[in-house]
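The values are calculated or read from the model by the stated rules, or taken from the named source; none is laboratory data. Computed from a predicted structure; not experimentally measured. Heads up, the Cβs are rebuilt from the backbone with ideal geometry, glycines too, and the neighbour counts pull from every protein chain shown. In case anyone asks, the SASA skips ligands and DNA or RNA and just uses the protein heavy atoms, side chains included. Shrake-Rupley method; radii C 1.70, N 1.55, O 1.52, S 1.80 Å.
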Amino acid sequence: MNLTVLAMGLMFGLGAIGSGIGIGIMYSRYLEGIARQPEAQGRLSTQMFVGLGLVDALPIIVVAMAFILFGQR
Amino acid sequence: MGEVQHIILRVGQGGGLVNMNIDLTALAMTLVACVITAWICLAAARNISVRKPSGMQSVLELMTGFFRGIARDAMGDKADTYVPLALTLFIWIFVANQMGVLANFMVKQGEGTYNYWFSPTATLSVSLGMGIAIVLLSHLIGLTRPGQYFKHWVTPLWMFPIHLFDEIPKLLTLGMRLWGNIFAGEVLIDLLAQLPHSLGIGTGIATGIIPFFLWNAYSLFVGTVQAFIFTLLTLIYIGQKIPQEHHH
């Protein structure tokens, strides 16, 4: 079996685990915030999207790198 | 699948001072996205009226108001200067992201497969270039008040390396996130579209058609969200360089 494929699988999986935990924590806190203070939803959702962008960045970069690795195999 | 190539102009490969590859296809796609953006905005601005706004006019006005609100949150009373920048960025990135979802032309020519129609933002040089441009712009805007700008770097003095290191994640979160999202989406669309070719027509269509349409729909959503996040981060990064009352 080609080791590149194994590396791709590891990259996908570990990236998904990390970002899944991160986004889960962030979103649960966001919902708590809305539940406590419904009128803050507008500002909270803006900040939440920024956090989503930051947390999202790393795994998706890793996925794109994995695709490039796959193309150069 | 083979290597997918773009048409590349090689400048000064002899080892001189100038030594670079210019991706002509990405350049052309960038220009096409610019033309579509300009056409959308001009079409929306034709026959504008206060009493009977057309559909496009209403959409653009809504978006302007939306980004003005975000900009005021991010940078206070000097926000209105940057609303046109935010709106231009959003519409251009939105158009650019959707271009590759709607169509993706690959032509087999000789050795390689050439890609002639794709999202310009799926090219690393375009996305990262935009990120670098935005970070540079934020520093230039900060430099219009040199005193405060340089004071921010060295208060306190030991924080200087941390401030310096702070600029790298900005490039990552602006440029590489946009590129990664759009590039990964396009690769997956290509893989799903090539299933009938690689698995045989019957099995390929049977297994691939539902994920193909689902992923296309999801790509439309991702393209919009990424355009929004890029615009939002731009406003926030520029807002950090503008001094405000509640300075932290």
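Couple of notes before you dig in:
- Residue match in region B:52-69 (condition: open to solvent by 80 Å² or more (accessible area, probe 1.4 Å) and outside any helix (DSSP H, G or I)): yes
- Restricting attention to region A:1-38, the residues that are in contact (Cβ under 8 Å) with a residue 40 or more places away in the chain and outside any helix (DSSP H, G or I) total 1.
- Filter result (basic (Lys, Arg) and facing chain B (nearest Cβ under 8 Å)) within region A:34-73: A:ARG43
- Within region B:127-141, residues that are over 12 Å from B:LYS170 (Cβ atoms) have Cβ atoms under 6 Å from residues that are small (Gly, Ala, Ser) and crowded, with 17+ Cβ neighbours inside 10 Å in these pairs: B:SER127/B:GLY175, counting only partners at least 6 apart in sequence or on another chain.
- Region A:47-58 - residue that is under 23 Å from B:THR123 (Cβ atoms) and open to solvent by 20 Å² or more (accessible area, probe 1.4 Å) and, of those, nearest to the chain's Cα centre (by Cα): A:ASP56
- Residues of region A:22-46 satisfying the condition of being surrounded by 11 or more Cβ atoms within 10 Å (Cβ to Cβ), farther than 18 Å from B:VAL225 by Cβ and among the aliphatic types (A, V, I, L, M): A:ILE25, A:LEU31, A:ILE34, A:ALA40
- Some residue of region B:166-183 being more than 14 Å from chain A (Cβ to nearest Cβ) and either open to solvent by 70 Å² or more (accessible area, probe 1.4 Å) or outside any helix (DSSP H, G or I) (or both): no
- With respect to the conditions (1) open to solvent by 60 Å² or more (accessible area, probe 1.4 Å); (2) away from chain A (no Cβ under 14 Å); (3) assigned to a helix (DSSP H, G or I), B:THR155 lacks only one, and its number is (3).
- Any chance B:ASP166 is within 23 Å of A:GLY51 (Cα to Cα) and modelled with pLDDT under 85: yes
- Within region B:70-99, the residues that satisfy the criterion of being crowded, with 19+ Cβ neighbours inside 10 Å, within 14 Å of another protein chain (Cβ to nearest Cβ) and either at positive phi or modelled with pLDDT under 90 (or both) are B:ILE70, B:ALA71, B:ALA74, B:MET75, B:ALA79.
- Hey, A:ALA16 over 30 Å from B:PHE66 (Cα atoms), within 13 Å of chain B (Cβ to nearest Cβ) and within 11 Å of the chain's Cα centre (by Cα) or not: yes
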